[in-house]
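Novice: Here it is, the structure in full.
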Amino acid sequence: MNGLNSQFISINCVLSVMKKIELEIVALSHSITQTHSYAVVLGEVNGLRRLPIVIGGFEAQAIAVALEKMHPSRPLTHDLMKNFMNAFAVDLTEIIICDLQEGIFYSKLVCVGEHDTVEIDSRTSDALALAVRFGCPIYTYENILESAGILMEDSGKGKKKGEEVTVTNEPSSGGSDDLRALSLEELNTLLNEVLEQEDYIRAIAIRDEINNRKKR
């Protein structure tokens, strides 16, 4: 019986790790002090955790254009992809941020055609740019959010589905600080400060330094 119970516990642990969590884009920020550095911030729907992901300038522009409902005179690459998929009756039903390896997020597109459902590997930034255009849900797994997410303080204003997205262009504060010279307590204080300023790119660096300290 003990072996059977262990199997059930193991299965439950796997199911817990693989549990899908719905996310929404809550902010897109640009650090002036770090050229071409952008971060798209995903928020747990009806939750307090945030998942910041560093992306390139082109992808940040593609996401911002869709978020702000702007209409370029000529279609951007992701608009072209959407038009191509629509022409062949392929719908993007969801994207899943499915893996995290050495700080790099991996995603897949779940596409539905007339007869088949196909999963296609994608860069996370491209997947998010398409998700905004199709209006499809964004998911990740519990273990990814647990390892790379940031827990925000409960202000009584939890993220609600459909809330307006913030697109910011804020300077990074304290960019010259040597994080390695700060204590863990100072790092946590600094993390709270930059989160209040919505400087998510700086927050990513601080979060990674805190996580590295905890692994030692």
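The values are calculated or read from the model by the stated rules, or taken from the named source; none is laboratory data. Since the model is a prediction, treat every value here as computed from it, not as a measurement. Glycine also receives a Cβ, built like all others from the backbone with ideal geometry; neighbour counts cover every protein chain displayed.
Novice: Name the residues in segment 132-150 that are among the small types (Gly, Ala, Ser) and in contact (Cβ under 8 Å) with a residue 40 or more places away in the chain, would you?
Specialist: Within segment 132-150, Ser147, Ala148, Gly149 qualify.
Novice: Right, next: Since Lys69 meets every condition but one in (1) at positive phi; (2) of a type in the set (Lys, Arg); (3) within 15 Å of the chain's Cα centre (by Cα), which condition does it not meet?
Specialist: Result: Lys69 passes all but (3).
Novice: Do the conditions hold for Leu100, that is, is it without any contact (Cβ under 8 Å) to a residue 60 or more places away in the chain, touching a helix residue (DSSP H, G or I) at 6+ places or on another chain (Cβ under 9 Å) and closer than 19 Å to Glu146 by Cβ?
Specialist: For Leu100, the condition - without any contact (Cβ under 8 Å) to a residue 60 or more places away in the chain, touching a helix residue (DSSP H, G or I) at 6+ places or on another chain (Cβ under 9 Å) and closer than 19 Å to Glu146 by Cβ - is met.
Novice: Please specify each residue of segment 99-131 satisfying the condition of being surrounded by fewer than 17 Cβ atoms within 10 Å (Cβ to Cβ) and of a type in the set (Lys, Arg).
Specialist: Arg123, the sole residue that qualifies.
Novice: Which one is nearest to Met152 (Cα to Cα), of the residues in segment 162-206 that are crowded, with 16+ Cβ neighbours inside 10 Å and modelled with pLDDT of 85 or more?
Specialist: Among those residues, the one meeting the criterion is Leu191.
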